[in-house]
Amino acid sequence: MLKTMKNREVPSISTKTRGLKIKRFYTTPEVHPFEEVEWELRVASFTDEKGETIFEQREVEVPKFWSQTATNVVIRKYFYGALGTPRRERSVKSLINRVARTITDWGLKDGYFTSCEDAETFYHELCHILVHQKAAFNSPVWFNVGIEEHPQCSGSFINSVEDTLESVLDLIKTEGILFKYGSGTGTNFSTLRSSKEKLSGGGKSSGPVSFMRGCDTMAGIIKSGGRTGRAAKMAILNIDHPDILEFIDCKANEEKKAWALIEAGYNGEFNVSGGAYDTVAFQNANHSVRVTDDFMWAVLQDKKWQTRAVTTGEVVDTYSARDLMKRIVDSAYICGDPGLQFDTTINDWHTCPASGRIQASNSCSEFMFLDNSACILGSLNLMKFRHEGSWDVAGFCHVVSIMTIAMEILVGNSGYPTQTIQGNSQKFRPLGLGYANLGALLMSEGLPYDSDAGRAYAGAITALMSGQAYKTSAMIARELGPFQEYAVNREPMLKVIKKHISYLAKIDRLEISRSLIEVAEQVWEDAYRMGQRYGYRNAQVTLLAPTGTIGFYMDCDTTGVEPDISLVKYKKLAGGGLIKIVNRTVPEALKKLGYSTEQIHAIVEYIDQNDTIEGAPGLKPEHLAVFDCAFKPSKGTRSIHYSGHLKMLGAVQPFLSGGVSKTINMPQEATPEDIWQVYMEAWKMGLKAVAVYRDGCKRTQPLSTSVS
């Protein structure tokens, strides 16, 4: 039975007389949102590489409109309790209630709501949003909230390391705790002295790359959330560190070892015990080189670049800046790493420079903030706000506000692995709201991902999301006060808010609905005006995360800001089989473009038979670009050019507090020169970070566009 305020013990309430008034948008008083959903019993199951069942739970209660994929993933990943025991959750109702009710109780206790009635309204609205897949929290919230007294709720962490062995060992311990509870982390290792510098006792330092190897090994041992996923981490080194060449080359060298092992007969699949990739190092971390504008200008002007000792600041080596960039590009061509993080740009958008510089990011480069900080993530499902070709601006803004309030409540009630991270979370309270399904949304609207119209639409939606989140943060600050470090950062933060606003004028208004951009402008004006008066409760509010597991929760066709990989994909199954996955957005797009029911049926049938839309009967040539995907189909010639991925990042980045988890997908025939161009253009466009993946550069990958 789901408890209401009428039949449950009300938590002790803060003595504050103020609080948030919550308006009903989706729900009805006295009617629980679950009562308006049709439910059914299903079986959730998974098999291993031998085709044998490794997980099965029968008679689980799920919404009838959820897919079987969402059912399987949510039940296996998020249900609490051992299988076959009374504590095991058996319904999505209990999962969502566990999270939503706990957050509401905490909010009531901490004075977020004006009254118990407002708290109950918040609870109902949050339940509706979650059960209807309109948004989802990051995995640690589902793993831990309602179970642990002070649960780890943040999906992303940034950890520092000092130039001592004790600090390195503490880092490994902290990372292990984070991985255990389902979070990812990143560290800039540039504080560690290089292998070219001496230890205080007279010996030679191992250098940061050797310690990265140890951290990577531990990440490979500890499964994310104590379940089945791999740990997620980021290793960063500054371009002026003396060991920069070793860092640039290390992952590519290990990739070559994996190739040799595969050719010798070792299993080439990922996450296989004793397989090729399980045997080599650095497979559990993304690698990024941290570069400054000075370095990038040195590359452009073909100047020299010096590395400096960590301990003394003395020059160690002098290189050609272009030679260093070429080494970065050559390594990325082989294995996709390292990516680049643009230090100067990142700190130009920093809301709290008075409290320190941003040195690092989380595992996927979307959370960028001070060292020893944490960020709770949440994502909206953009397709849930598209109704018969129109965009539900009011519903979107409402969900942004409810999710922002919920994530803010979580900050103060979460557990953290170290006192330093806990302290910074209380001082700055950064949030990471984002979205998924952009690729599907644009296709359903008949807009090519690589088009001015597609980018304008994405930019406007991103602007609306961030503006509403900052506005909500200011509303919370009005009731509970701004984050602790706001006063010393007030002027630079307001300057960043105005910088966001200035980019609204750059959105192409001829390509989108005028009302959408007008609402975004008004929301940002409100956010700035209220921030001036009350401050902000959160130092950051938005970013774009990869939305892997929660993308399955929300039944998304595309993840994060990505386009679809291909209209038809083949996913490797246990036992060596394949499952064919056909894009579900194509019929909606064809309908939007004016095709008849008969024409849509014929085109979809053609795709199913030929693995491509190219050559489909009755399809107009000018509509082909709408269906372009990241990779070429096995029997086609078209794909989104890598410049299209870059331009999309350029369209959304100016409206985000943090960065974007986005890989620039490149075709197999792409050259190192092409990657060079991507890295240079990313910097010129003002992106905060960039990473590439050349199709087929790994000897195996879980998704492909052909059966071979």
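Points to keep in mind about this one:
- As a fraction of the 1.4 Å probe accessible area of segment 312-448, surface on carbon and sulfur atoms comes out at 44 percent.
- Positive-end residue of Thr307, Ile512, Ser190, charge dipole of the chain with Cβ unit charges: Ser190
- For segment 437-494, the equivalent ellipsoid derived from the alpha-carbon gyration tensor has semi-axes of 35, 12, 7 Å in decreasing order.
- Across Arg357, Arg58, Arg537, Arg213, the residue with the most accessible area heads the list, and the full order at a 1.4 Å probe is Arg58, Arg357, Arg213, Arg537.
- Relative contact order of the chain: 14 percent, from C-alpha pairs under 8 Å at least 6 residues apart in sequence.
- This model, with +1 at the C-beta of Lys and Arg and -1 at the C-beta of Asp and Glu, gives segment 532-654 a dipole about its Cα centre of some 440 debye.
- Each residue was assigned an accessible area with a 1.4 Å probe, and for Tyr457 the value is about 20 Å².
- Segment Ala264-Thr671, length gained on full extension (0.36 nm per residue, minus Cα span): 143.8 nm
- Ile172 exposes around 40 Å² of accessible area when a 1.4 Å probe is run over every protein chain in place.
- For the chain, fraction of C-alpha pairs farther apart than 42 Å, in %: 24 percent
- On a per residue basis, the chain carries 39 Å² of accessible surface, using protein heavy atoms and a 1.4 Å probe.
- Diffusion coefficient, µm² s⁻¹, Stokes-Einstein with Kirkwood Rh over alpha-carbon pairs of segment 161-206 at 20 °C and 1.002 mPa s: 180 µm²/s
- Glu388 versus Thr28: modelled label distance in nm, points set 7 Å from Cα along the beta carbon direction: 2.1 nm
- Placing Thr217, Thr671, Thr547 in order of accessible area, with the largest value first and a 1.4 Å probe, yields Thr217, Thr671, Thr547.
- Ordered from largest to smallest accessible area (heavy atoms of protein chains, 1.4 Å probe), the residues Lys427, Lys698, Lys93 come out as Lys427, Lys93, Lys698.
- FRET efficiency for Leu169 and Leu510, using Cβ-Cβ distance with R0 set to 56 Å, rounded to 0.05: 0.45
- As a fraction of the 1.4 Å probe accessible area of segment 606-708, surface on carbon and sulfur atoms comes out at 51 percent.
- Distance between modelled label sites at Ala625 and Val488, nm, 7 Å Cα→Cβ extension: 5.0 nm
- Ranked by how many other beta carbons lie within 10 Å on average, peptides 182-188, 407-413, 338-344 from highest: 182-188, 338-344, 407-413
- Full extension of the chain between Lys256 and Leu199 gives 17.3 nm of extra length, using 0.36 nm per residue less the Cα-Cα distance.
- Dipole magnitude for segment 332-387: computed about the Cα centre from +1 point charges on Lys and Arg Cβ and -1 point charges on Asp and Glu Cβ, it is near 340 debye.
- Rounded to the nearest 0.05, the FRET efficiency derived from the C-beta distance between Asp323 and Asp608 at R0 = 51 Å is 0.55.
- Dipole magnitude of the chain, debye to nearest 20 (Cβ charges: Lys/Arg +1, Asp/Glu -1, about Cα centre): 1020 debye
- Heavy atoms of Val604 accessible to a 1.4 Å probe, total area in Å² rounded to 10: 50 Å²
- Cα gyration tensor shape of segment 291-433, rounded if a/c is under 1.5, else prolate or oblate by comparing a/b with b/c: oblate
- Share, in percent, of DSSP beta bridges within the chain that are antiparallel, nearest 5: 55 percent
- Translational diffusion of segment 604-708, µm² s⁻¹ [Kirkwood Rh, Cα pairs; Stokes-Einstein; 10 °C; 1.306 mPa s]: 102 µm²/s
- The alpha-carbon atoms of segment 500-562, seen along their principal axes, cover 39, 35, 16 angstrom, with the largest extent given first.
- Cα-based shape type of segment 461-565, given that a ≥ b ≥ c are square roots of the gyration tensor eigenvalues and the cut on a/c is 1.5: oblate
- Helical mean residue ellipticity (222 nm; -39500 (n - 2.57) per DSSP H run of 4+; nearest 500) of the chain: -13000 deg cm²/dmol
- Working from label points 7 Å from Cα in the Cα-to-Cβ sense, the Tyr503 to Asp293 distance is 1.6 nm.
- Neighbourhood net charge (9 Å Cβ-Cβ; Lys/Arg +1, Asp/Glu -1) for Asp508: +1
- In this structure, the pairs whose alpha-carbon distance is over 20 Å, taken from Lys256/Lys698; Lys498/Lys688; Lys64/Lys134; Lys196/Lys233; Lys251/Lys326; Lys384/Lys662, are Lys196/Lys233; Lys384/Lys662.
The values are calculated or read from the model by the stated rules, or taken from the named source; none is laboratory data. Bear in mind the structure is a predicted one, so any value in this text is a computation, not a measurement. Using ideal geometry, Cβ is built from the backbone for each residue, glycine included, and neighbour counts are taken over all protein chains shown. Areas reflect the complete protein model, heavy atoms only, side chains present, ligands, DNA and RNA absent. Shrake-Rupley method; radii C 1.70, N 1.55, O 1.52, S 1.80 Å.
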